[in-house]
């Protein structure tokens with residue numbers, strides 16, 4: 001069994017991670033950590049997330065405060081460490097966590113953007129660990145499987161980049177996108193994407209559908225980097241709990257027809273049990289609570305434009321289940337093991 005711990009286990013993503021790992025035949029959840037000043041320390045997950053009650057190990061594991069001693073020992077004690085932590089915490093703790101045998105799967109944004117100047121502009125602090133940043137592998141599991149399989153630091157992408165890149169990467173791989181017109185991504189997330197910590201801006205009673213982070217959201221450079229072309233990305237917050245729907249409008253190269261586009265998506269995702277190519281436009285009800293990404297597209301050959309929509313659960317395919325996909329790949333299992341079937 002692969003010995004695992006989850007740091008930041010009381011949050012929405014951390015709890016989903018603990019649930020998925022505890023149900024996996026090859027992984028053992030041996031510790032769940034929260035910060036030393038967390039009000040959740042000493043509790044079990046089912047006290048915070050009722051559906052975790054009666055789930056094997058999770059009824060027995062108490063949320064432990066992450067002390068300096070625990071932090072320094074973790075890299076030597078566990079085979080895999082999952083970080084469902086703020087960007088600053090992941091950044092600061094990575095040297096200690098990578099000092100031992102552990103593979104670290106970081107669900108924050110601390111190790112996704114390689115350019116340190118871009119990172120500091122969008123995350124608000126200077127990156128101090130250049131060598132670790134250079135060694136980190138981007139964990140978009142359906143596209144970087146070979147790199148993930150040998151990585152010791154896996155920077156698991158978040159929900160917006162996962163939905164956006166899953167929709168666009170087949171077009172980029174087959175060189176079907178116009179070189180001059182930037183793809184335009186409009187994506188809407190449920191309020192759980194902001195995390196469990198309460199704030200007026202993500203209070204369910206206060207949220208009304210609106211755009212935010214316009215022309216300056218931190219996921220824009222990340223999406224551009226891993227698509228290898230600039231994009232316009234506009235996130236929206238919706239008054240629902242879970243899920244992301246991303247609708248992308250892109251200009252195709254002159255002469256590209258619908259058959260070429262269809263071939264690009266089928267060749268990219270044929271046989272992939274996580275990505276589902278749909279004949280009708282995806283809706284959140286079909287993906288919430290699942291690890292799937294549903295994709296549908298339509299080509300207007302007269303204008304040369306394409307519209308593609310992808311739908312995911314922001315806490316699963318956009319976070320926890322993708323991290324499990326990465327762990328599967330890293331430890332030699334099928335990407336979808338423990339997630340589907």
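Read-outs throughout are calculated quantities, based only on the coordinates presented, and are distinct from any laboratory measurement. Remember, predicted model here, so these are calculated numbers, not experimental data. Counting neighbours? That spans all protein chains shown, and the Cβs are built from the backbone with ideal geometry, glycine included.
Summarising the strand pairing of the range 159-314, around 75 percent of its internal DSSP beta bridges are antiparallel. Where both bridge residues fall in the chain, DSSP classifies roughly 45% of the beta bridges as antiparallel. Rg/Rh, computed from the Cα trace of the range 159-314 with Rh as the Kirkwood radius, has the value 0.98.
Between residue 28 and residue 126, the modelled labels are 4.4 nm apart [label points 7 Å from Cα along Cα→Cβ]. Each of the peptides 231-241, 264-274 was scored by the mean count of other Cβ atoms within 10 Å over its residues; in descending order, highest first, they stand as 231-241, 264-274. The range 237-276 and the range 277-318 have Cα centres lying 6 Å from one another.
Per residue, the chain reaches -8500 deg cm²/dmol at 222 nm when only DSSP H runs of four or more residues are counted, each adding -39500 (n - 2.57). With contacts defined as alpha carbon pairs under 8 Å and 6 or more residues apart, what's the relative contact order of the chain in percent? So the answer I get is 17 percent. Entry note, the range 1-96: relative contact order of 34 percent, from Cα contacts under 8 Å with a spacing of 6+ residues. Ranked by the mean number of other Cβ atoms within 10 Å of their residues, highest first, the peptides 26-35, 281-290, 315-324, 66-75 fall in the order 315-324, 26-35, 281-290, 66-75. Summary of the geometry: the range 61-88 and the range 122-160, compared by the centres of their Cα atoms, lie 18 Å apart. Using a cutoff of 8 angstrom between alpha carbon atoms and counting only pairs six or more residues apart, the relative contact order for the range 159-314 works out to 31 percent.
For the chain, taking the reciprocal of the average inverse distance between every pair of different Cα atoms yields a Kirkwood hydrodynamic radius of 20.4 Å.
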